[in-house]
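Data first, discussion second: the structure below is written as structure tokens.
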Amino acid sequence: KAGVTQTPRYLIKTRGQQVTLSCSPISGHRSVSWYQQTPGQGLQFLFEYFSETQRNKGNFPGRFSGRQFSNSRSEMNVSTLELGDSALYLCASSLGGGGPATGNEQFFGPGTRLTVL
Amino acid sequence: AQSVTQLGSHVSVSEGALVLLRCNYSSSVPPYLFWYVQYPNQGLQLLLKYTSAATLVKGINGFEAEFKKSETSFHLTKPSAHMSDAAEYFCAVSRGGADGLTFGKGTHLIIQP
């Protein structure tokens with residue numbers, strides 16, 4: 001069974017632009033979560049989607065948004081990019097409706113490394 | 001709010017020696033606890049998880065962790081380190097609320113030959 005895939009793997013943008021990252025979960029997984037990883041702040045939870053609905057959201061500004069499609073694939077969008085948005089963005093999927101909040105194992109993709117110049 | 005503290009941003013051990021990575025959590029209710037490993041340029045891989053079934057949890061690659069409620073700890077151990085264990089290790093907690101997983105800052109494990 002294929003793992004979680006994320007595209008693109010690397011991305012370079014300039015300040016003020018917007019970016020869309022894509023995540024395809026493991027087949028059959030319906031919960032998709034996004035995390036931001038930076039050297040300074042570490043791993044931080046962005047949001048979680050289940051059945052096309054955002055269930056949980058971390059403490060990030062409204063410039064960060066996401067969505068989930070009927071096939072469970074998810075995208076996240078960052079508008080008006082800032083230098084501080086440079087990070088590794090990780091997507092994780094889990095089987096079952098509970099997601100991380102009920103102890104379900106999350107399977108992580110390799111991430112998209114975003115560099116903002 | 002829940003939090004996770006990993007003592008030691010870098011831990012160095014000799015090959016064949018005991019590995020001990022420390023994790024303490026702050027939670028008002030029994031949490032779900034996880035240990036993940038991250039190799040360079042890769043995502044996170046689950047080593048083991050605690051979900052209240054047993055306090056001693058065995059994971060992959062010979063790792064195990066013990067949940068100690070009185071100490072609010074969930075330290076990760078491995079009896080004998082291998083060179084392939086060199087990686088970044090993250091402890092994470094989920095309290096079943098709306099916060100997703102809360103991760104510690106990570107511990108970089110260095111294996112000396």
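The values are calculated or read from the model by the stated rules, or taken from the named source; none is laboratory data. Since this is a predicted model, take the numbers as computed values, not measurements. Note: ideal-geometry Cβ built from the backbone for every residue, glycine included; neighbour counts use all protein chains shown. Calculation scope for accessible area: heavy atoms of the full protein, side chains included, ligands and nucleic acids excluded. Shrake-Rupley method; radii C 1.70, N 1.55, O 1.52, S 1.80 Å.
Under the Kirkwood approximation for Rh and a Cα-based Rg, what ratio Rg/Rh is obtained for the stretch B:1-104?
Rg/Rh: 0.95.
Let me check I've understood the local charge: for A:GLY84, count other residues with C-beta under 14 angstrom from its C-beta, Lys and Arg +1, Asp and Glu -1. What total comes out?
Result for the local shell: +1.
Using a Förster distance of 22 angstrom, determine the FRET efficiency expected from the C-beta separation of B:SER3 and A:GLU105, and round it to 0.05.
The pair B:SER3/A:GLU105 has a calculated efficiency of 0.50.
Just to make sure I understand: if all protein chains stay in place, what is the order of B:ILE110, A:ILE12, A:ILE26 by accessible area at 1.4 Å, largest first?
A:ILE12, B:ILE110, A:ILE26
Set the Förster radius R0 to 45 Å, insert the Cβ-Cβ distance between B:SER84 and A:GLU52 as r into 1/(1 + (r/R0)^6), and round the FRET efficiency to 0.05.
Working from the Cβ atoms, E equals 0.65.
With the dipole of the protein assembly as shown worked out from charges on the C-beta (+1 for Lys and Arg, -1 for Asp and Glu) around the Cα centre, which of B:ALA17, A:THR38, A:THR115 lies farthest toward the positive end?
Of the options given, the answer is A:THR115.
With the crude spin-label approximation of a point 7 Å out along Cα→Cβ, what separation in nm comes out for B:GLN112 versus B:SER12?
Between B:GLN112 and B:SER12, the simple spin-label model gives 0.6 nm.
Using only atoms on other chains, find how many Cβ atoms lie within 10 Å of each Cβ of peptide B:41-51 and report the average.
5
Could you tell me which of B:ASN61, A:TYR89, B:LEU76 has its Cα farthest along the dipole of the protein assembly as shown towards the positive end, charges placed at Cβ (Lys, Arg +1; Asp, Glu -1), taken about the Cα centre?
The one lying farthest along the dipole's positive direction is A:TYR89.
In Å², nearest 100, what accessible area do chains A and B bury in total when the solvent probe is 1.4 Å?
Counting both chains, the buried surface is close to 1600 Å².
Set the bar at 30 Å for Cα to Cα. Now go through A:LYS57/B:LYS78; A:LYS57/B:LYS69; A:LYS13/B:LYS49 and name every pair that lies beyond it.
In this structure, A:LYS57/B:LYS78; A:LYS13/B:LYS49 lie more than 30 Å apart at Cα.
Where does each of B:HIS10, B:HIS82, B:HIS108 land when they are ordered by accessible area, with a 1.4 Å probe and the largest first?
So the residues, ranked largest to smallest area, are B:HIS10, B:HIS82, B:HIS108.
To the nearest 20 debye, what charge dipole does chain A have about its Cα centre, counting +1 at the Cβ of each Lys and Arg and -1 at the Cβ of each Asp and Glu?
160 debye
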